[in-house]
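S.K.: First, the structure itself, so that you have it in front of you.
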Amino acid sequence: MLTLTQYEQEMLVGKYGRLKQQALQKVIEYARVLGAQELCEVTMAHVFCGAHGYLSAAGEGSVEKIVSQMQYCTEEILPLTEMACYCQSDCGPMDPKAYARMGVSETEARRNREFLDYYCQSGINLVGTCVPYLCGFIPMPGEHYVSSESHAVTLMNSLWGACGNADGLEAGFWAAACGRMPKWGNHLRDNRQGTHVFDVECAVNSSRDWDLLGYTIGRKLPPHAIPVITGITNRLSIISIKYFFAAMATTAGPEMCHIVGVTPEAPTLAAALGGREPVRRMTVTVQDLQESYRILGGGQALGPIDYISLGCPHYSIEELRWIANMLDGKKVAQGTTVHVWTASPIKEVADRSGYTGTIEAAGAVVLTSSCPLTSERMPTGTKTVGFDSAKQAHYIAASRQVNVGYGSLEQCIAAAVTGRWDT
């Protein structure tokens with residue numbers, strides 16, 4: 001039986017407007033399907049904004065009509081009012097400023113701008129990134145949030161003890177409008193305990209190591225499990241850990257992960273498991289990581305390389321500094337396109353610091369707010385593509401008729417300069 005507060009009952013009868021009423025009605029339907037007994041207050045929402053391709057299912061019409069139909073599930077046109085919580089936008093279908101450098105037409109860019117302006121009027125901050133936690137979206141321990149980015153859900157649950165589920169794009173907009181979500185899953189402390197233990201028996205140092213570790217654990221993890229990681233002795237960085245969670249979300253999609261001695265709900269193995277025995281205990285060896293490397297396309301010679309995409313998840317300012325240093329005084333080979341993806345606030349810092357200028361003087365392009373996956377675009381004629389991201393390599397290999405190479409950032413930069421992807 002779902003119990004509502006007085007405020008929620010008032011919202012449900014329309015006291016605070018039709019948009020909030022409709023959003024809450026959808027949240028209540030969702031809660032009843034899940035068997036939730038109450039709702040929780042959501043204070044932060046990370047939502048999927050822009051003229052994304054899937055919205056074409058609504059056909060022609062105004063932005064208001066499409067948003068009402070596709071995101072609030074009603075044929076009634078419900079103009080967006082002020083959102084109920086702090087909101088940021090996730091990645092979009094293009095860089096809203098440098099769209100032409102992606103091959104996007106003026107018509108497409110204008111339509112995307114209409115959507116973004118519409119969202120902005122309701123108080124959604126147009127950050128446009130898959131790394132909201134690097135741009136001010138930092139829920140505190142116990143704080144309830146929603147996010148449309150799979151790895152961000154896992155990272156914020158795991159590293160900070162915040163509470164969120166991978167609820168889906170539409171549910172994120174409902175929560176943003178009414179400030180409520182069903183209190184279930186990771187919103188309940190009893191559901192956050194580990195189930196499967198992974199003893200890491202190999203060195204994990206570089207970002208690529210962490211990328212491969214996440215991909216490997218995801219390959220071994222059954223559905224709806226919560227991994228507990230032991231054997232990590234070196235200091236973690238936010239750069240490495242974002243690769244780890246992104247790769248693990250690609251192959252398994254866990255919403256919570258404990259790293260013993262690191263994450264707040266795992267001071268010990270026993271604490272991470274809630275005093276229970278694990279369902280299964282597995283080891284991760286260097287051979288496992290090497291197998292993942294081969295699966296992703298690592299270690300193969302592709303010859304001439306058409307396209308290299310860097311920045312999945314979006315690059316931090318430190319990663320942009322690294323690339324600037326690597327490319328300083330060098331030139332990207334003729335016939336090779338290099339896109340470097342980041343968030344617009346981070347690019348602003350890179351612009352001020354001179355990193356963007358150095359990268360683009362070498363012939364690469366720094367872009368924001370998107371990536372090949374969310375834009376569903378690569379340069380025309382691309383036949384070979386290189387990534388330093390397991391997530392991009394995994395999905396692009398499965399969805400596009402291209403040859404995919406996977407390697408470290410250093411290998412990608414070397415290929416960009418030589419124009420060849422060698423082992």
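S.K.: Could you give the length gained on full extension between residue 205 and residue 219, defined as 0.36 nm per residue of separation minus the Cα-Cα distance, in nm?
M.R.: Numbers: separation 14, 0.36 × 14 = 5.04 nm, distance 2.02 nm.
Here the answer is 3.0 nm.
S.K.: Another one. Among rounded, prolate and oblate, which fits the stretch 102-231 when a ≥ b ≥ c are the square roots of the eigenvalues of its C-alpha gyration tensor, a/c under 1.5 means rounded, and a/b larger than b/c means prolate? Before the final figure, lay out the partial values.
M.R.: Working: a/c = 2.51, a/b = 1.50, b/c = 1.68.
Oblate shape, in that a/c is at least 1.5 and b/c is the bigger or equal ratio.
S.K.: Here's another thing I want to ask about it. Check residue 181: other-chain or 5+ apart residues with amide H under 5 Å from its amide H, H built from backbone geometry?
M.R.: Correct list: 40, 42.
S.K.: Continuing with this model, one more query. Pairs 20/97; 20/183; 242/383; 97/242: which are spaced more than 22 Å apart, C-alpha to C-alpha? Display every interim value, and only then the final one.
M.R.: Values: 20/97 32 Å; 20/183 18 Å; 242/383 28 Å; 97/242 26 Å.
The answer is 20/97; 242/383; 97/242.
S.K.: Report the accessible area of residue 337, computed with a 1.4 Å probe over the heavy atoms of all protein chains in place, in Å² rounded to the nearest 10.
M.R.: Its accessible surface works out to 50 Å², give or take rounding.
S.K.: Counting only other residues whose beta carbon sits under 12 Å from that of residue 58, what net charge do I get with K and R as +1, D and E as -1?
M.R.: Numbers: positive: 65; negative: 60, 64, 75.
So the surrounding residues net to -2.
S.K.: Another question about this same structure. So if each residue of separation counts as 0.36 nm, and I subtract the Cα-Cα distance between residue 262 and residue 140, what length gain in nm does that give?
M.R.: Working: separation 122, 0.36 × 122 = 43.92 nm, distance 1.65 nm.
Here the segment from residue 262 to residue 140 would lengthen by 42.3 nm.
S.K.: Would you give the gap between the C-alpha center of the stretch 247-277 and the C-alpha center of the stretch 166-212, rounded to a whole Å?
M.R.: 10 Å
S.K.: Calculate one ³J(HN,Hα) per residue across the stretch 42-50 by plugging θ = phi - 60° into the Karplus curve 6.51 cos²θ - 1.76 cosθ + 1.60, and present them in order as whole Hz with x for glycine and proline.
M.R.: 8, 10, 9, 9, 10, 10, 8, 9, x
S.K.: Tell me, what is the percent relative contact order of the stretch 285-351, built from C-alpha pairs under 8 Å that lie six or more residues apart? Don't skip to the end; give the middle numbers.
M.R.: Details: 41 pairs, mean separation 28.3, N = 67.
About 42 percent, as a whole number.
S.K.: Which shape class applies to the stretch 123-191: rounded if a/c is under 1.5, otherwise prolate when a/b exceeds b/c and oblate if not, where a ≥ b ≥ c are the square roots of the Cα gyration tensor eigenvalues?
M.R.: Note, shape of the stretch 123-191 comes out oblate.
S.K.: Got a sec to turn the phi values of the stretch 158-170 into Karplus ³J(HN,Hα) couplings, 6.51 cos²θ - 1.76 cosθ + 1.60 with θ = phi - 60°, whole Hz, x for Gly and Pro?
M.R.: With the stated coefficients, the stretch 158-170 comes to 7, 6, 10, x, 6, 10, x, 10, 7, 7, x, 5, 5 Hz.
S.K.: Still on this structure, please answer the following. For the chain, what is the accessible area per residue in Å², given a 1.4 Å probe and the full set of protein chains? The partial results should precede the final answer.
M.R.: On the way: 17050 Å² over 423 residues.
Averaged over the residues of the chain, the accessible area is 40 Å².
S.K.: Could I get the Rg over Rh figure for the chain? Both from C-alpha atoms, Rh via Kirkwood, rounded to two places. Walk me through the numbers on the way to the answer.
M.R.: Numbers: Rg = 21.8 Å, Rh = 22.3 Å.
So for the chain, dividing Rg by the Kirkwood Rh gives 0.98.
S.K.: What does DSSP give for the chain in terms of the percent of beta bridges that are antiparallel, rounded to the nearest 5?
M.R.: Details: 5 of 42 bridges.
Given both bridge residues lie in the chain, the antiparallel proportion sits at roughly 10 percent.
S.K.: Give the value in nm², to one decimal: projected area of the alpha carbon convex hull of the stretch 173-284, averaged over all directions. Present the calculation step by step, with values, prior to reporting the outcome.
M.R.: On the way: hull surface 30.2 nm².
Over every viewing direction, the Cα hull of the stretch 173-284 projects on average to 7.6 nm².
S.K.: Still on this structure, I have one more. If you roll a 1.4 Å probe over the stretch 221-344 with all protein chains in place, what percent of the accessible area is carbon or sulfur?
M.R.: Values: 2660 of 5220 Å².
C and S fraction of accessible area: 51 percent.
S.K.: Same structure, new question: Quick one: which residues, 5+ away or cross-chain, put their amide H under 5 Å from the amide H of residue 384? H built at 1.01 Å from N.
M.R.: Answer set, sorted by chain and number: 306, 307, 403.
S.K.: Could you size up the charge dipole of the chain around its Cα centre, putting +1 on the beta carbon of Lys and Arg and -1 on that of Asp and Glu, and report it in debye to the nearest 20?
M.R.: In total the dipole reaches around 440 debye.
S.K.: A further question follows. Accessible area of residue 80, 1.4 Å probe, to the nearest 10 Å²?
M.R.: 30 Å²
S.K.: With a ≥ b ≥ c the root eigenvalues of the C-alpha gyration tensor of the stretch 218-292, is it rounded (a/c under 1.5), prolate (a/b larger than b/c) or oblate? List each step's numbers first, then the result.
M.R.: On the way: a/c = 1.44, a/b = 1.17, b/c = 1.23.
Note, shape of the stretch 218-292 comes out rounded.
S.K.: In sequence order, what are the phi-derived ³J(HN,Hα) couplings for the stretch 365-382 according to the Karplus relation 6.51 cos²θ - 1.76 cosθ + 1.60 with θ = phi - 60°, rounded to whole Hz, with x for glycine and proline?
M.R.: So the J values, rounded to whole Hz, are 10, 9, 10, 10, 6, 7, 5, x, 6, 7, 7, 6, 9, 9, x, 4, x, 5.
S.K.: Roughly to the nearest percent, how much of the accessible area of the stretch 66-190 is carbon and sulfur, given a 1.4 Å probe? Can you show the working numbers first?
M.R.: Working: 2390 of 4380 Å².
About 55 percent, which is the carbon plus sulfur part of the accessible surface.
S.K.: If you average 1/r over all unlike Cα pairs in the stretch 291-399 and invert the result, what Kirkwood radius do you get in angstrom?
M.R.: Numbers: mean 1/r = 0.0692 Å⁻¹.
Hydrodynamic radius (Kirkwood, Cα only) of the stretch 291-399 equals 14.4 Å.
S.K.: Give me the percent relative contact order of the stretch 193-275, please, defined on Cα pairs under 8 angstrom at least 6 residues apart.
M.R.: Working: 138 pairs, mean separation 31.1, N = 83.
The normalised contact order for the stretch 193-275 reaches 37 percent.
S.K.: How far is the Cα center of the stretch 22-36 from the Cα center of the stretch 350-423, in Å?
M.R.: A separation of 41 Å, based on Cα centres.
The values are calculated or read from the model by the stated rules, or taken from the named source; none is laboratory data. A quick note: this is a predicted structure, and the numbers were derived from the prediction, not measured. Glycine also receives a Cβ, built like all others from the backbone with ideal geometry; neighbour counts cover every protein chain displayed. With ligands, DNA and RNA removed, areas are computed over all heavy atoms of the protein, side chains included. Shrake-Rupley method; radii C 1.70, N 1.55, O 1.52, S 1.80 Å.
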